[in-house]
Amino acid sequence: MKRYELESFLKSFLIFLMLFEVLLTINFLHEYQVKKVEIEDKIHIEMKLCAFTLQCTGLKTDFVDNSEKKEENILYQDGDFYSYFSVPTSDKYLMKVMYSRANYMLRVKKLENKLTKRFWLYSVFALLISLFFSIYTLMPLQRALRLNEEFVKDILHDFNTPISSMLINLKLFKREIGDNKKIQRLENNIQSILSLQDNLRIFLKGLPSHSESFSLNELVQNRVDYFSVLYSDVTYKTSMDNTILETNKDAFTRILDNLLSNAGKYNSANGQVDIVLQGYSLTIQDTGKGIKQPLKVFDRYYKEQERGIGIGLHIVKKLCDELVIPITIESKEGKGTNVKLNLSTIISTHS
């Protein structure tokens, strides 16, 4: 089960379970109140039986002066429970029957224990039902996602033939007329399409975890040369020493490409991109439009511009997590964006 499928499952499960638990809680609170009233009614009935039959197990009795303030057959709750009953042989006295608060609380506690056990039993049943409903509701989503993934895989596969044909023909054309800026731009645009393909492949199935040693400076300069042609109105500047990284080069290149591409694509006219290494921190800073909600840019499909499909930075975060590279983004609208990669875990100790 993929992360977003697990997230959907857990959310559905929690919603179902919380709904069941709320209904159970309301039901049991209502039943608790009803049962408490029933206990009080039983106590009153026991008092009446005591008054008429003198069978007063668990009850105390006394005789008090009959006064107009004392109502008969009413259950009083003043600390202990008590009630007044007429005495057939005397109008001067009333029989007072008492039931202790302690005994009442014992009966209430017994009721609470009984209802609590039943509540947890029903809660387990609700958990199982929630689990079943969550799995049931997830199945159509999984089928739709699998169909979507298969469709994207087929599209990616079908792209290979025309893209390969374009690259071969461009190379042949380049041999015939020599180096040309327009041909270079076409090659760069085809590379951009290939880069999008790689993004989609990573999005669908992840990336192999093999590592290798390579020069950060050489890789950055190579990618800067590529994007400088693609975004000719943006100036790319680098400042770093000869640092060797030990990690998956393809994955790190994909991280770098997405960040440099965004820095060029969303930059201002005649803008600038600075790539600086200070200690373990690699910073990519641009003078572009900035981001309204930097905390959301790593969310899948989130985008603030019409361009793109909103998975570039999500893939960057995914790859950074796989390579154990902490990443942070700071941005202000109209002033630009600052992305920091902490390379402490992948800088080679032999560099």
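Hey, any hits in region 28-37 for a residue that's surrounded by 12 or more Cβ atoms within 10 Å (Cβ to Cβ), over 46 Å from the mean Cα position of the chain (by Cα) and modelled with pLDDT of 90 or more?
No, the conditions are met nowhere in region 28-37.
So, in region 213-242, exactly how many residues are under 20 Å from residue 316 (Cβ atoms) and touching a helix residue (DSSP H, G or I) at 6+ places or on another chain (Cβ under 8 Å)?
The qualifying residues number 13.
Give 249, 318 a once-over and let me know the one that is in contact with a strand residue (DSSP E or B) (Cβ under 7 Å, 6 or more places away or on another chain), under 28 Å from residue 211 (Cβ atoms) and at pLDDT below 90. Give the steps one after another, and end with the answer.
Working: 318 fails: in contact with a strand residue (DSSP E or B) (Cβ under 7 Å, 6 or more places away or on another chain).
Going through 249, 318 in turn, just one is in contact with a strand residue (DSSP E or B) (Cβ under 7 Å, 6 or more places away or on another chain), under 28 Å from residue 211 (Cβ atoms) and at pLDDT below 90: 249.
Are there any pairs with C-beta distances below 9 angstrom linking a residue in region 169-184 that is without any contact (Cβ under 8 Å) to a residue 60 or more places away in the chain to a residue that is assigned to a helix (DSSP H, G or I) and exposed (fewer than 10 other Cβ atoms within 10 Å of the Cβ), with the two at least 6 apart or on different chains, and if so which?
Going by the 9 Å Cβ cut-off, the qualifying pairs are 183/177.
Given the condition touching a Ser or Thr at 6+ places or on another chain (Cβ under 6 Å) and of a type in the set (A, V, I, L, M), answer yes or no: does some residue in region 42-59 qualify?
If we filter region 42-59 for residues that are touching a Ser or Thr at 6+ places or on another chain (Cβ under 6 Å), which is where we start, we get 47.
Next, from what is left, pick out any that are of a type in the set (A, V, I, L, M): 47.
There is at least one residue in region 42-59 that is touching a Ser or Thr at 6+ places or on another chain (Cβ under 6 Å) and of a type in the set (A, V, I, L, M).
Condition check: without any contact (Cβ under 8 Å) to a residue 12 or more places away in the chain and in the same structural domain as residue 125 (by TED's automatic domain parsing). Does residue 59 satisfy that? Break it down stepwise before answering.
Working: without any contact (Cβ under 8 Å) to a residue 12 or more places away in the chain: no; in the same structural domain as residue 125 (by TED's automatic domain parsing): yes.
Taking the combined requirement at face value, the residue does not satisfy it.
Count, please, the residues in region 221-246 that happen to be out of contact with any strand residue (DSSP E or B) (no Cβ under 8 Å at 6 or more places or on another chain), of a type in the set (S, T, N, Q) and modelled with pLDDT of 85 or more. It would help to see each step written out before you state the result.
If we filter region 221-246 for residues that are out of contact with any strand residue (DSSP E or B) (no Cβ under 8 Å at 6 or more places or on another chain), which is where we start, we get 222-223, 225-226, 229-233.
With the extra rule that they be of a type in the set (S, T, N, Q), the set shrinks to 222, 232.
Now restrict to residues that are modelled with pLDDT of 85 or more: 222.
Qualifying residue count, region 221-246: 1.
Filter the strands (runs of 3 or more DSSP E) completely within region 4-104 down to those with at least 2 residues that are in contact with a strand residue (DSSP E or B) (Cβ under 9 Å, 6 or more places away or on another chain) and more than 30 Å from residue 318 (Cα to Cα). So that I can check it myself, show each step before the final result.
Working: elements: 60-65, 76-78, 80-87, 90-99.
It comes to 60-65, 80-87, 90-99.
Take residue 124 and tell me if it is touching a strand residue (DSSP E or B) at 6+ places or on another chain (Cβ under 6 Å) and either assigned by TED's automatic domain parsing to the domain that holds residue 54 or under 30 Å from residue 23 (Cβ atoms) (or both). Even if it seems obvious, please write down each step before you answer.
Values: touching a strand residue (DSSP E or B) at 6+ places or on another chain (Cβ under 6 Å): no; either assigned by TED's automatic domain parsing to the domain that holds residue 54 or under 30 Å from residue 23 (Cβ atoms) (or both): yes.
No: the conditions fail for residue 124.
Tell me the residue from 155, 168, 163, 183 that is more than 30 Å from residue 336 (Cβ to Cβ), at pLDDT 75 or above and part of a helix (DSSP H, G or I), please. Explain how you work it out, then say what you get.
Numbers: 155 fails: at pLDDT 75 or above; 163 fails: at pLDDT 75 or above; 183 fails: at pLDDT 75 or above.
One residue alone meets the criteria, 168.
May I ask you to list pairs of residues, at least six apart or on different chains, whose Cβ atoms are under 8 Å apart, with the first in region 122-145 being under 18 Å from residue 14 (Cβ atoms) and in contact (Cβ under 8 Å) with a residue 12 or more places away in the chain and the second being assigned to a helix (DSSP H, G or I) and acidic (Asp, Glu)?
The qualifying pairs are 123/21; 126/21; 138/5; 141/5.
Identify the single condition in (1) surrounded by fewer than 17 Cβ atoms within 10 Å (Cβ to Cβ); (2) touching a Leu at 6+ places or on another chain (Cβ under 9 Å); (3) in contact (Cβ under 8 Å) with a residue 60 or more places away in the chain that residue 316 does not satisfy, given that it satisfies every other one.
Every listed condition holds for residue 316 apart from (1).
Which of the residues spanning region 38-55 are surrounded by 14 or more Cβ atoms within 10 Å (Cβ to Cβ) and modelled with pLDDT under 90?
Of everything in region 38-55, just one residue is surrounded by 14 or more Cβ atoms within 10 Å (Cβ to Cβ) and modelled with pLDDT under 90, namely 51.
The values are calculated or read from the model by the stated rules, or taken from the named source; none is laboratory data. Bear in mind the structure is a predicted one, so any value in this text is a computation, not a measurement. Methodologically, a virtual Cβ is constructed for each residue, glycine included, from the backbone with ideal geometry; neighbour enumeration extends over all protein chains shown.
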